[in-house]
Amino acid sequence: MLNEIVCAGLGGQGVLTAGKIMMHVALEKGLHTTWFPSYGNEMRGGAANCNVMISDNKVASPYADHPDVLFAMAERAVDTYMKTMKKGSIIIANSTIIPKDKEYRDDITVIKVPATELAQKFGNERSANIVLLGAMVKHTCIFSKEDFEKYMCSYFESQGKGKRNEQNIKAFEIGYNYI
Amino acid sequence: METKIIKGNEALAEGAVRGGCRFYAGYPITPQSEILEWMSWRQKEVGGVFVQGESEIASVNMVFAARALGARAMTSSSGPGFSLKQEGIAYWVSAGVPAVVACVQRFGIGDGYISAGQDNYWQAVKGGGNGDYHLITLAPNSVQECLDMAYESFELAEKWMHPVLILSDGTIGQMMEPCTMPVMKEYDMDQPWAAKGTAIGEGENKVITDITYFQDIDEWNAGYIEKMRKIQKDEQRWEEFNIDDADVILVAYGISSRVAQRSVEIARKKGIKLGLIRPITLWPYPRKAFEKINKNCKGIVTLEMNMMGQMLEDVKIAVSCKFPCYALATAQKVAPTDEVIAFCQKVMDGKVKETEVF
(Lines give C-alpha, C1' and ligand atoms only; values in the text may rest on other atoms or scores of the structure.)
Protein backbone atom coordinates (compact mmCIF):
# COMPACT_ATOMS: atom_id res chain seq x y z
CA MET A 1 0.00 0.00 0.00
CA LEU A 2 1.60 3.25 -1.18
CA ASN A 3 0.62 6.52 0.49
CA GLU A 4 1.48 9.68 -1.40
CA ILE A 5 1.46 12.61 1.00
CA VAL A 6 2.06 16.29 0.30
CA CYS A 7 2.73 18.64 3.21
CA ALA A 8 2.42 22.20 2.04
CA GLY A 9 2.18 25.69 3.40
CA LEU A 10 4.36 28.72 3.90
CA GLY A 11 7.98 28.82 5.02
CA GLY A 12 8.14 28.87 8.83
CA GLN A 13 4.92 26.86 9.35
CA GLY A 14 6.79 23.63 9.96
CA VAL A 15 5.57 21.68 6.92
CA LEU A 16 9.01 20.23 6.18
CA THR A 17 9.31 19.13 9.82
CA ALA A 18 5.83 17.57 9.73
CA GLY A 19 6.96 15.51 6.74
CA LYS A 20 10.20 14.50 8.43
CA ILE A 21 8.29 13.29 11.49
CA MET A 22 6.03 11.15 9.26
CA MET A 23 9.10 9.71 7.55
CA HIS A 24 10.77 8.94 10.86
CA VAL A 25 7.66 7.18 12.23
CA ALA A 26 7.40 5.17 8.99
CA LEU A 27 11.00 4.01 9.24
CA GLU A 28 10.53 2.99 12.87
CA LYS A 29 7.49 0.95 11.80
CA GLY A 30 9.60 -0.87 9.20
CA LEU A 31 7.96 0.85 6.23
CA HIS A 32 9.72 2.20 3.16
CA THR A 33 9.75 5.97 2.87
CA THR A 34 11.14 8.93 0.95
CA TRP A 35 11.02 12.67 1.62
CA PHE A 36 11.60 15.33 -1.00
CA PRO A 37 11.47 19.08 -0.25
CA SER A 38 10.82 22.08 -2.40
CA TYR A 39 11.05 25.62 -1.17
CA GLY A 40 11.95 29.10 -2.22
CA ASN A 41 14.98 31.08 -1.16
CA GLU A 42 13.07 32.69 1.72
CA MET A 43 13.28 31.27 5.26
CA ARG A 44 9.76 32.54 6.03
CA GLY A 45 6.72 33.41 3.97
CA GLY A 46 7.53 31.70 0.65
CA ALA A 47 5.82 28.50 -0.46
CA ALA A 48 7.24 25.39 1.15
CA ASN A 49 6.29 21.80 0.56
CA CYS A 50 7.54 18.28 0.82
CA ASN A 51 6.45 15.03 -0.74
CA VAL A 52 6.45 12.05 1.60
CA MET A 53 5.99 8.55 0.22
CA ILE A 54 5.23 5.72 2.63
CA SER A 55 4.85 2.13 1.44
CA ASP A 56 5.12 -1.55 2.36
CA ASN A 57 7.33 -1.95 -0.69
CA LYS A 58 10.36 -0.13 -2.00
CA VAL A 59 9.34 3.35 -3.18
CA ALA A 60 10.23 4.06 -6.79
CA SER A 61 9.37 7.70 -7.45
CA PRO A 62 9.69 10.21 -4.59
CA TYR A 63 7.27 12.57 -6.40
CA ALA A 64 3.65 12.53 -5.24
CA ASP A 65 1.95 12.91 -8.64
CA HIS A 66 -1.50 12.11 -7.25
CA PRO A 67 -1.60 12.68 -3.49
CA ASP A 68 -3.70 10.49 -1.18
CA VAL A 69 -3.26 13.00 1.63
CA LEU A 70 -2.76 16.77 1.53
CA PHE A 71 -1.50 18.23 4.80
CA ALA A 72 -2.44 21.84 4.10
CA MET A 73 -1.19 24.59 6.40
CA ALA A 74 -2.13 27.46 4.07
CA GLU A 75 -4.60 28.24 1.26
CA ARG A 76 -1.97 28.11 -1.44
CA ALA A 77 -1.42 24.42 -0.65
CA VAL A 78 -5.01 23.66 -1.61
CA ASP A 79 -4.83 25.82 -4.74
CA THR A 80 -1.65 24.07 -5.88
CA TYR A 81 -2.32 20.42 -5.10
CA MET A 82 -6.07 19.77 -4.99
CA LYS A 83 -6.43 19.33 -8.75
CA THR A 84 -3.96 16.43 -8.94
CA MET A 85 -5.31 14.53 -5.91
CA LYS A 86 -6.82 11.07 -6.21
CA LYS A 87 -10.58 10.49 -6.02
CA GLY A 88 -11.45 9.62 -2.42
CA SER A 89 -8.34 11.30 -1.05
CA ILE A 90 -8.26 13.53 2.03
CA ILE A 91 -7.25 17.10 2.83
CA ILE A 92 -6.31 17.99 6.40
CA ALA A 93 -6.88 21.73 6.30
CA ASN A 94 -5.66 24.37 8.71
CA SER A 95 -8.93 26.29 8.81
CA THR A 96 -7.49 29.22 10.77
CA ILE A 97 -5.58 30.25 7.66
CA ILE A 98 -7.67 28.69 4.87
CA PRO A 99 -10.95 30.63 4.43
CA LYS A 100 -14.10 28.95 5.78
CA ASP A 101 -15.87 29.29 2.42
CA LYS A 102 -13.05 27.68 0.43
CA GLU A 103 -14.44 25.48 -2.31
CA TYR A 104 -13.23 21.91 -2.41
CA ARG A 105 -13.71 19.05 -4.87
CA ASP A 106 -16.69 16.95 -3.81
CA ASP A 107 -14.80 13.65 -4.29
CA ILE A 108 -12.29 14.60 -1.60
CA THR A 109 -12.86 14.40 2.17
CA VAL A 110 -11.88 17.62 3.94
CA ILE A 111 -11.10 17.70 7.65
CA LYS A 112 -11.07 21.30 8.83
CA VAL A 113 -9.08 21.96 11.97
CA PRO A 114 -8.20 25.50 13.13
CA ALA A 115 -4.66 24.38 13.95
CA THR A 116 -3.08 27.81 14.29
CA GLU A 117 -5.86 29.06 16.57
CA LEU A 118 -5.74 25.91 18.72
CA ALA A 119 -1.96 26.23 18.98
CA GLN A 120 -2.24 29.90 19.97
CA LYS A 121 -4.72 29.05 22.72
CA PHE A 122 -2.42 26.31 23.87
CA GLY A 123 0.31 28.91 24.14
CA ASN A 124 2.59 28.23 21.20
CA GLU A 125 1.56 29.16 17.68
CA ARG A 126 4.54 27.28 16.29
CA SER A 127 2.94 23.99 17.38
CA ALA A 128 0.23 24.37 14.72
CA ASN A 129 1.95 21.76 12.56
CA ILE A 130 1.87 19.25 15.44
CA VAL A 131 -1.81 20.01 16.09
CA LEU A 132 -2.57 19.33 12.44
CA LEU A 133 -0.51 16.12 12.57
CA GLY A 134 -2.81 14.95 15.38
CA ALA A 135 -5.81 15.49 13.11
CA MET A 136 -4.09 13.72 10.24
CA VAL A 137 -3.25 10.62 12.27
CA LYS A 138 -6.85 10.43 13.50
CA HIS A 139 -8.45 10.72 10.06
CA THR A 140 -6.09 8.56 7.99
CA CYS A 141 -5.15 4.94 8.62
CA ILE A 142 -1.42 5.25 8.04
CA PHE A 143 -0.27 5.31 11.67
CA SER A 144 -1.72 4.45 15.07
CA LYS A 145 -1.87 7.21 17.68
CA GLU A 146 0.45 5.31 20.06
CA ASP A 147 3.12 4.68 17.43
CA PHE A 148 2.99 8.22 16.16
CA GLU A 149 3.37 9.78 19.60
CA LYS A 150 6.18 7.44 20.56
CA TYR A 151 8.23 7.92 17.43
CA MET A 152 7.48 11.64 17.11
CA CYS A 153 9.15 11.96 20.51
CA SER A 154 12.12 9.85 19.43
CA TYR A 155 12.43 12.03 16.31
CA PHE A 156 12.67 15.21 18.43
CA GLU A 157 15.12 13.49 20.76
CA SER A 158 17.31 12.60 17.77
CA GLN A 159 17.26 16.31 16.87
CA GLY A 160 18.27 17.37 20.39
CA LYS A 161 14.79 18.82 21.01
CA GLY A 162 13.45 16.11 23.33
CA LYS A 163 12.72 18.49 26.19
CA ARG A 164 9.65 19.83 24.41
CA ASN A 165 8.15 16.37 23.99
CA GLU A 166 5.54 16.75 26.72
CA GLN A 167 4.30 19.94 25.04
CA ASN A 168 4.37 18.27 21.64
CA ILE A 169 2.24 15.36 22.86
CA LYS A 170 -0.28 17.86 24.26
CA ALA A 171 -0.41 19.75 20.96
CA PHE A 172 -0.76 16.48 19.07
CA GLU A 173 -3.69 15.38 21.26
CA ILE A 174 -5.48 18.72 20.85
CA GLY A 175 -5.51 18.08 17.10
CA TYR A 176 -6.32 14.40 17.51
CA ASN A 177 -9.33 15.10 19.73
CA TYR A 178 -10.70 18.13 17.85
CA ILE A 179 -13.09 16.20 15.59
CA MET B 1 24.42 -2.05 10.79
CA GLU B 2 23.08 1.35 11.66
CA THR B 3 20.30 2.93 9.55
CA LYS B 4 19.92 6.70 9.40
CA ILE B 5 17.61 9.02 7.53
CA ILE B 6 19.82 11.45 5.65
CA LYS B 7 19.96 13.48 2.45
CA GLY B 8 21.57 12.06 -0.68
CA ASN B 9 24.34 14.65 -0.51
CA GLU B 10 25.09 13.82 3.12
CA ALA B 11 25.13 10.13 2.26
CA LEU B 12 27.58 10.80 -0.56
CA ALA B 13 29.91 12.65 1.82
CA GLU B 14 29.60 10.01 4.54
CA GLY B 15 30.15 7.21 2.02
CA ALA B 16 33.37 8.85 0.88
CA VAL B 17 34.55 9.31 4.50
CA ARG B 18 33.78 5.69 5.35
CA GLY B 19 35.49 4.68 2.11
CA GLY B 20 38.70 6.27 3.38
CA CYS B 21 38.47 9.86 2.07
CA ARG B 22 40.73 11.97 4.27
CA PHE B 23 41.06 15.07 2.15
CA TYR B 24 38.23 17.16 0.80
CA ALA B 25 38.50 20.53 -0.89
CA GLY B 26 35.55 22.32 -2.46
CA TYR B 27 33.59 25.49 -2.88
CA PRO B 28 29.88 25.87 -2.02
CA ILE B 29 27.19 25.76 -4.68
CA THR B 30 23.55 24.66 -4.53
CA PRO B 31 22.38 21.90 -4.79
CA GLN B 32 25.52 20.15 -3.52
CA SER B 33 26.55 22.32 -0.54
CA GLU B 34 25.56 19.62 1.97
CA ILE B 35 28.54 17.56 0.78
CA LEU B 36 30.89 20.37 1.69
CA GLU B 37 29.05 21.13 4.95
CA TRP B 38 29.17 17.48 6.03
CA MET B 39 32.86 17.24 5.20
CA SER B 40 33.61 20.43 7.16
CA TRP B 41 32.84 18.73 10.51
CA ARG B 42 33.26 15.10 9.61
CA GLN B 43 36.85 15.30 8.35
CA LYS B 44 37.81 16.85 11.67
CA GLU B 45 36.28 13.90 13.50
CA VAL B 46 38.15 11.28 11.49
CA GLY B 47 41.50 13.08 11.45
CA GLY B 48 41.22 14.15 7.83
CA VAL B 49 41.54 17.53 6.16
CA PHE B 50 38.75 19.83 5.00
CA VAL B 51 39.54 22.89 2.95
CA GLN B 52 37.04 25.39 1.61
CA GLY B 53 39.14 26.58 -1.27
CA GLU B 54 39.10 30.14 -2.54
CA SER B 55 37.60 28.79 -5.77
CA GLU B 56 36.71 25.59 -7.60
CA ILE B 57 39.96 25.79 -9.54
CA ALA B 58 42.02 25.95 -6.36
CA SER B 59 40.02 23.10 -4.84
CA VAL B 60 40.39 20.70 -7.75
CA ASN B 61 44.14 21.27 -7.78
CA MET B 62 44.43 20.79 -4.01
CA VAL B 63 42.77 17.43 -4.51
CA PHE B 64 45.33 16.64 -7.23
CA ALA B 65 48.15 17.32 -4.76
CA ALA B 66 46.60 15.39 -1.85
CA ARG B 67 45.88 12.39 -4.06
CA ALA B 68 49.40 12.50 -5.55
CA LEU B 69 50.68 12.13 -1.99
CA GLY B 70 48.52 9.01 -1.64
CA ALA B 71 45.55 10.27 0.40
CA ARG B 72 42.08 9.37 -0.75
CA ALA B 73 40.91 12.81 -1.84
CA MET B 74 37.80 14.23 -3.45
CA THR B 75 35.98 17.36 -4.48
CA SER B 76 32.40 18.11 -5.52
CA SER B 77 30.40 20.77 -7.27
CA SER B 78 27.50 21.55 -9.59
CA GLY B 79 26.72 23.54 -12.74
CA PRO B 80 29.26 26.28 -13.45
CA GLY B 81 31.38 25.12 -10.51
CA PHE B 82 31.82 21.74 -12.16
CA SER B 83 32.77 23.50 -15.39
CA LEU B 84 35.55 25.33 -13.57
CA LYS B 85 37.00 22.03 -12.40
CA GLN B 86 37.35 20.52 -15.87
CA GLU B 87 40.90 21.67 -16.53
CA GLY B 88 42.06 20.20 -13.23
CA ILE B 89 40.26 16.92 -13.88
CA ALA B 90 41.94 16.57 -17.27
CA TYR B 91 45.27 16.92 -15.45
CA TRP B 92 44.23 14.15 -13.01
CA VAL B 93 43.59 11.92 -16.02
CA SER B 94 46.90 12.62 -17.72
CA ALA B 95 48.76 12.04 -14.45
CA GLY B 96 46.81 8.85 -13.73
CA VAL B 97 45.65 10.21 -10.37
CA PRO B 98 42.79 8.13 -8.90
CA ALA B 99 40.86 11.04 -7.39
CA VAL B 100 37.08 11.31 -7.09
CA VAL B 101 34.75 14.14 -8.05
CA ALA B 102 31.00 14.42 -7.53
CA CYS B 103 28.69 16.60 -9.59
CA VAL B 104 25.18 17.13 -8.25
CA GLN B 105 23.46 18.39 -11.37
CA ARG B 106 21.43 21.60 -11.37
CA PHE B 107 19.45 22.71 -14.41
CA GLY B 108 20.46 25.34 -16.89
CA ILE B 109 23.16 26.81 -19.06
CA GLY B 110 25.80 29.05 -17.51
CA ASP B 111 24.62 30.06 -14.06
CA GLY B 112 21.42 28.03 -14.45
CA TYR B 113 19.01 27.40 -11.59
CA ILE B 114 19.42 25.91 -8.13
CA SER B 115 16.94 23.10 -8.81
CA ALA B 116 17.71 19.64 -10.19
CA GLY B 117 18.60 18.88 -13.79
CA GLN B 118 20.27 16.29 -15.98
CA ASP B 119 21.74 18.55 -18.59
CA ASN B 120 25.39 18.02 -17.63
CA TYR B 121 25.30 14.58 -19.26
CA TRP B 122 27.35 15.55 -22.31
CA GLN B 123 29.87 17.45 -20.24
CA ALA B 124 30.14 14.57 -17.76
CA VAL B 125 30.47 11.61 -20.09
CA LYS B 126 31.88 13.08 -23.27
CA GLY B 127 34.98 14.65 -21.81
CA GLY B 128 34.56 18.00 -20.12
CA GLY B 129 38.22 18.94 -20.33
CA ASN B 130 40.56 18.65 -23.29
CA GLY B 131 41.94 15.46 -24.75
CA ASP B 132 40.85 11.86 -25.28
CA TYR B 133 39.23 10.84 -22.04
CA HIS B 134 36.13 9.74 -20.25
CA LEU B 135 35.79 9.53 -16.50
CA ILE B 136 34.41 6.35 -14.98
CA THR B 137 30.96 7.78 -14.28
CA LEU B 138 28.57 6.38 -11.67
CA ALA B 139 24.96 7.58 -11.47
CA PRO B 140 23.24 6.99 -8.11
CA ASN B 141 19.43 6.88 -8.03
CA SER B 142 18.88 6.65 -4.28
CA VAL B 143 20.33 7.96 -1.04
CA GLN B 144 21.74 4.50 -0.34
CA GLU B 145 23.49 4.44 -3.70
CA CYS B 146 24.98 7.91 -3.08
CA LEU B 147 26.62 6.36 -0.05
CA ASP B 148 27.54 3.03 -1.63
CA MET B 149 29.03 4.56 -4.76
CA ALA B 150 31.11 7.07 -2.84
CA TYR B 151 32.21 4.26 -0.51
CA GLU B 152 33.43 2.19 -3.44
CA SER B 153 34.68 5.01 -5.67
CA PHE B 154 38.28 5.15 -4.46
CA GLU B 155 38.85 1.43 -4.96
CA LEU B 156 37.38 1.67 -8.43
CA ALA B 157 39.62 4.65 -9.23
CA GLU B 158 42.69 2.89 -7.83
CA LYS B 159 41.90 -0.31 -9.73
CA TRP B 160 42.33 1.60 -12.99
CA MET B 161 44.44 4.52 -11.76
CA HIS B 162 41.81 6.74 -13.35
CA PRO B 163 39.44 9.32 -11.82
CA VAL B 164 35.85 8.47 -10.93
CA LEU B 165 32.93 10.86 -11.31
CA ILE B 166 29.75 10.43 -9.29
CA LEU B 167 27.04 12.13 -11.34
CA SER B 168 24.09 12.83 -9.05
CA ASP B 169 21.30 15.37 -9.42
CA GLY B 170 19.60 17.97 -7.25
CA THR B 171 16.67 15.71 -6.37
CA ILE B 172 18.72 12.66 -5.44
CA GLY B 173 21.00 15.01 -3.48
CA GLN B 174 18.24 16.83 -1.59
CA MET B 175 15.83 13.97 -0.91
CA MET B 176 15.95 11.96 2.29
CA GLU B 177 15.70 8.19 2.62
CA PRO B 178 16.78 5.63 5.18
CA CYS B 179 20.37 4.65 4.55
CA THR B 180 22.45 1.83 6.02
CA MET B 181 25.97 2.74 7.11
CA PRO B 182 28.85 0.40 6.25
CA VAL B 183 31.98 -0.02 8.40
CA MET B 184 34.81 2.50 8.16
CA LYS B 185 37.59 1.44 5.76
CA GLU B 186 41.19 2.01 6.72
CA TYR B 187 43.50 3.19 3.98
CA ASP B 188 47.24 3.67 4.10
CA MET B 189 48.32 6.67 2.04
CA ASP B 190 51.82 5.21 1.78
CA GLN B 191 51.25 3.78 -1.71
CA PRO B 192 53.97 2.67 -4.15
CA TRP B 193 52.76 5.17 -6.75
CA ALA B 194 52.49 8.12 -4.37
CA ALA B 195 55.00 10.93 -4.06
CA LYS B 196 56.98 10.86 -0.84
CA GLY B 197 59.80 12.85 0.63
CA THR B 198 63.24 11.72 -0.54
CA ALA B 199 66.35 12.57 1.47
CA ILE B 200 69.22 14.27 -0.35
CA GLY B 201 71.30 11.71 -2.17
CA GLU B 202 68.77 8.91 -1.72
CA GLY B 203 67.45 8.26 -5.16
CA GLU B 204 65.29 10.34 -7.43
CA ASN B 205 62.36 12.48 -6.44
CA LYS B 206 59.10 11.29 -7.82
CA VAL B 207 57.25 13.89 -9.81
CA ILE B 208 53.57 13.40 -10.48
CA THR B 209 52.34 15.51 -13.31
CA ASP B 210 51.29 15.09 -16.91
CA ILE B 211 52.90 11.68 -17.48
CA THR B 212 53.47 12.29 -21.17
CA TYR B 213 56.34 14.65 -20.24
CA PHE B 214 58.44 11.77 -19.02
CA GLN B 215 57.47 8.86 -21.19
CA ASP B 216 57.66 8.07 -24.84
CA ILE B 217 54.36 9.38 -26.14
CA ASP B 218 53.57 6.37 -28.32
CA GLU B 219 54.29 4.01 -25.47
CA TRP B 220 52.13 6.03 -23.08
CA ASN B 221 49.31 6.30 -25.59
CA ALA B 222 49.31 2.54 -26.20
CA GLY B 223 49.05 1.72 -22.50
CA TYR B 224 46.38 4.37 -21.93
CA ILE B 225 44.12 3.35 -24.79
CA GLU B 226 44.39 -0.31 -23.82
CA LYS B 227 43.33 0.61 -20.28
CA MET B 228 40.40 2.68 -21.50
CA ARG B 229 39.16 -0.11 -23.78
CA LYS B 230 39.38 -2.56 -20.91
CA ILE B 231 37.39 -0.25 -18.63
CA GLN B 232 34.82 0.10 -21.39
CA LYS B 233 34.47 -3.67 -21.58
CA ASP B 234 34.69 -4.55 -17.88
CA GLU B 235 32.89 -1.83 -15.97
CA GLN B 236 29.47 -1.57 -17.63
CA ARG B 237 26.75 -1.67 -14.99
CA TRP B 238 23.03 -1.42 -15.25
CA GLU B 239 19.75 -2.54 -13.79
CA GLU B 240 16.80 -3.74 -15.85
CA PHE B 241 13.09 -4.23 -15.19
CA ASN B 242 10.58 -6.14 -17.32
CA ILE B 243 12.50 -5.84 -20.58
CA ASP B 244 11.94 -9.38 -21.93
CA ASP B 245 8.44 -8.81 -23.28
CA ALA B 246 8.37 -5.01 -23.28
CA ASP B 247 6.72 -3.22 -26.18
CA VAL B 248 8.43 0.02 -25.22
CA ILE B 249 11.59 0.31 -23.14
CA LEU B 250 12.39 3.37 -21.08
CA VAL B 251 16.01 4.31 -20.49
CA ALA B 252 16.76 6.62 -17.59
CA TYR B 253 19.36 7.26 -14.88
CA GLY B 254 19.32 9.14 -11.56
CA ILE B 255 16.02 10.69 -10.47
CA SER B 256 14.43 10.07 -13.88
CA SER B 257 14.96 6.34 -13.44
CA ARG B 258 12.90 6.41 -10.24
CA VAL B 259 10.00 8.03 -12.11
CA ALA B 260 10.51 5.62 -15.03
CA GLN B 261 10.33 2.66 -12.69
CA ARG B 262 7.11 3.93 -11.14
CA SER B 263 5.72 4.43 -14.64
CA VAL B 264 6.55 0.80 -15.51
CA GLU B 265 4.84 -0.39 -12.30
CA ILE B 266 1.66 1.60 -13.04
CA ALA B 267 1.62 0.70 -16.76
CA ARG B 268 2.06 -3.02 -16.10
CA LYS B 269 -0.97 -2.98 -13.80
CA LYS B 270 -2.96 -1.60 -16.72
CA GLY B 271 -1.57 -4.25 -19.09
CA ILE B 272 0.73 -1.83 -20.91
CA LYS B 273 4.05 -3.59 -21.43
CA LEU B 274 6.74 -1.12 -20.50
CA GLY B 275 10.27 -2.02 -19.44
CA LEU B 276 13.24 -0.09 -18.08
CA ILE B 277 16.98 -0.10 -18.56
CA ARG B 278 18.70 1.97 -15.88
CA PRO B 279 22.34 2.74 -16.65
CA ILE B 280 24.34 2.68 -13.41
CA THR B 281 27.56 3.57 -15.22
CA LEU B 282 27.15 6.36 -17.75
CA TRP B 283 30.69 5.78 -18.93
CA PRO B 284 31.25 3.11 -19.83
CA TYR B 285 27.72 3.18 -21.21
CA PRO B 286 26.06 -0.20 -20.54
CA ARG B 287 25.69 -1.21 -24.18
CA LYS B 288 25.49 -4.87 -23.19
CA ALA B 289 22.10 -4.18 -21.57
CA PHE B 290 20.63 -3.41 -24.98
CA GLU B 291 21.63 -6.75 -26.52
CA LYS B 292 18.71 -8.47 -24.82
CA ILE B 293 15.95 -6.30 -26.24
CA ASN B 294 13.38 -8.45 -28.02
CA LYS B 295 13.02 -7.83 -31.73
CA ASN B 296 9.33 -6.94 -31.43
CA CYS B 297 10.07 -3.94 -29.25
CA LYS B 298 8.39 -0.93 -30.83
CA GLY B 299 10.59 1.78 -29.47
CA ILE B 300 13.06 2.97 -26.88
CA VAL B 301 12.40 6.16 -24.94
CA THR B 302 14.91 8.08 -22.87
CA LEU B 303 13.48 10.05 -19.95
CA GLU B 304 15.72 13.01 -19.15
CA MET B 305 15.72 16.37 -17.33
CA ASN B 306 17.13 18.37 -20.19
CA MET B 307 15.87 19.91 -23.44
CA MET B 308 17.94 18.11 -26.05
CA GLY B 309 17.66 14.49 -24.98
CA GLN B 310 21.39 14.25 -24.38
CA MET B 311 21.51 10.51 -23.65
CA LEU B 312 19.63 9.59 -26.83
CA GLU B 313 22.81 9.36 -28.91
CA ASP B 314 24.27 6.72 -26.60
CA VAL B 315 21.09 4.68 -26.84
CA LYS B 316 21.12 4.89 -30.64
CA ILE B 317 24.73 3.70 -30.68
CA ALA B 318 23.93 0.90 -28.23
CA VAL B 319 21.15 -0.48 -30.47
CA SER B 320 22.94 0.39 -33.73
CA CYS B 321 19.78 2.33 -34.67
CA LYS B 322 17.87 -0.95 -35.06
CA PHE B 323 14.92 0.31 -33.02
CA PRO B 324 13.18 3.66 -33.25
CA CYS B 325 14.47 5.89 -30.44
CA TYR B 326 12.77 8.80 -28.74
CA ALA B 327 13.61 11.29 -26.02
CA LEU B 328 11.04 12.48 -23.50
CA ALA B 329 13.19 15.42 -22.47
CA THR B 330 11.19 17.78 -20.25
CA ALA B 331 13.76 20.38 -19.16
CA GLN B 332 13.81 21.23 -15.44
CA LYS B 333 11.06 18.78 -14.45
CA VAL B 334 10.86 15.03 -14.77
CA ALA B 335 7.72 14.22 -16.71
CA PRO B 336 5.04 12.91 -14.32
CA THR B 337 4.20 9.21 -14.61
CA ASP B 338 0.93 9.86 -16.50
CA GLU B 339 2.81 11.78 -19.17
CA VAL B 340 5.50 9.09 -19.43
CA ILE B 341 2.90 6.35 -19.91
CA ALA B 342 0.88 8.42 -22.41
CA PHE B 343 4.03 9.11 -24.43
CA CYS B 344 5.00 5.42 -24.47
CA GLN B 345 1.46 4.52 -25.54
CA LYS B 346 1.78 6.90 -28.49
CA VAL B 347 5.10 5.32 -29.41
CA MET B 348 3.40 1.90 -29.33
CA ASP B 349 0.69 3.18 -31.61
CA GLY B 350 3.25 4.62 -34.01
CA LYS B 351 2.00 8.16 -33.44
CA VAL B 352 5.30 9.84 -32.53
CA LYS B 353 8.01 10.86 -34.97
CA GLU B 354 11.41 9.46 -34.07
CA THR B 355 13.52 11.98 -32.16
CA GLU B 356 16.52 13.32 -33.99
CA VAL B 357 19.84 13.53 -32.18
CA PHE B 358 21.07 17.07 -31.68
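Structure summary
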item: Solvent accessible area, Å² - A:I179, 1.4 Å probe, full protein context; result: 90
item: Distribution of pairwise C-alpha distances over the range B:140-299, 5 Å bins, in %; result: 1, 7, 12, 14, 14, 14, 11, 9, 6, 5, 3, 2, 1, 1, 0, 0
item: Karplus-derived 3J(HN,Hα), 6.51/-1.76/1.60, for each residue of the range B:145-162, Hz, glycine and proline x; result: 5, 4, 5, 4, 5, 5, 4, 8, 4, 5, 5, 5, 5, 6, 4, 10, 6, 8
item: Normalised alpha carbon radius of gyration of the range A:3-178 [divisor 2.2 N^0.38 Å]; result: 0.94
item: Between the range B:315-347 and the range A:137-173, the Cα center-to-center distance that results, in Å; result: 44
item: All-pairs Cα distance distribution in chain B, expressed in whole percent, bin size 20 Å; result: 30, 55, 14, 1
item: Computed label-point distance, nm, for sites B:W193 and A:K83 using a 7 Å Cα→Cβ extension; result: 5.6
item: Relative contact order (percent, whole number), chain B, Cα cutoff 8 Å, 6+ residue spacing; result: 17
item: Largest to smallest accessible area among B:E265, A:E103 [probe 1.4 Å]; result: A:E103, B:E265
item: Extent along principal axes [Cα atoms of the protein assembly as shown; Å; largest to smallest]; result: 84, 61, 39
item: Between the range B:98-118 and the range A:41-114, the Cα center-to-center distance that results, in Å; result: 30
item: Inter-label distance for A:E103 and A:C141, nm, one decimal - labels placed 7 Å from Cα along Cα-to-Cβ; result: 3.3
item: Virtual spin-label span in nm between B:D216 and B:K159, 7 Å along Cα→Cβ; result: 3.1
item: Note, ³J(HN,Hα) from phi for the range A:153-169, Karplus 6.51, -1.76, 1.60, rounded to Hz, x at Gly and Pro; result: 5, 5, 4, 5, 4, 5, 9, x, 10, x, 6, 8, 4, 4, 5, 5, 4
item: Surface accessible to a 1.4 Å probe, A:D101 within the full protein complex, Å²; result: 130
item: Under-5 Å amide H pairs with B:I166, H placed in peptide plane, nonlocal only; result: B:V101, B:A102, B:C103, B:L138
item: Heavy-atom accessible surface of the range A:3-178: percent carbon and sulfur, 1.4 Å; result: 48
item: Residues A:Q167 and A:K29, FRET efficiency given R0 of 30 Å [Cβ-Cβ distance, rounded to 0.05]; result: 0.80
item: Lysines with Cα under 17 Å of B:K44, excluding same-chain neighbours fewer than 8 positions away; result: B:K185
item: Max mean-square fluctuation residue, GNM over chain A, Cα-Cα springs under 10 Å, options A:C141, A:C50, A:C153; result: A:C141
item: Alpha-carbon Rg with Dmax, taken over the range B:178-266, Å; result: 23.2, 71
item: Heavy-atom accessible area ranking, 1.4 Å probe, most first, across B:D190, B:D169, A:D107; result: B:D190, A:D107, B:D169
item: Theoretical ellipticity at 222 nm over chain B - DSSP helices of four or more residues, -39500 (n - 2.57) apiece, nearest 500; result: -11500 deg cm²/dmol
item: Ratio of the Cα radius of gyration of the range B:207-307 to 2.2 N^0.38 Å, where N counts its residues; result: 1.50
item: Residues B:K230 and B:K185, FRET efficiency given R0 of 25 Å [Cβ-Cβ distance, rounded to 0.05]; result: 0.50
item: Test item: B:257-264 mean partner chain Cβ contacts at 10 Å; result: 4
item: Value of [θ]222 nm, deg cm²/dmol, for chain A, DSSP H segments ≥ 4, -39500 (n - 2.57) each, nearest 500; result: -12000 deg cm²/dmol
item: Too-long pairs where the Cα-Cα distance tops 29 Å, listed order kept, from B:K4/B:K316; B:K159/B:K196; B:K4/B:K292; B:K233/B:K269; B:K85/B:K227; A:K161/B:K4; result: B:K4/B:K316; B:K4/B:K292; B:K233/B:K269
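The values are calculated or read from the model by the stated rules, or taken from the named source; none is laboratory data. None of these values were measured; they are calculated from a predicted model. Because the Cβ atoms are built from the backbone with ideal geometry, glycine has one as well, and the counts that use them run over all protein chains shown. Heads up: the accessible areas ignore ligands, DNA and RNA and are worked out on the full protein's heavy atoms, side chains in. Shrake-Rupley method; radii C 1.70, N 1.55, O 1.52, S 1.80 Å.
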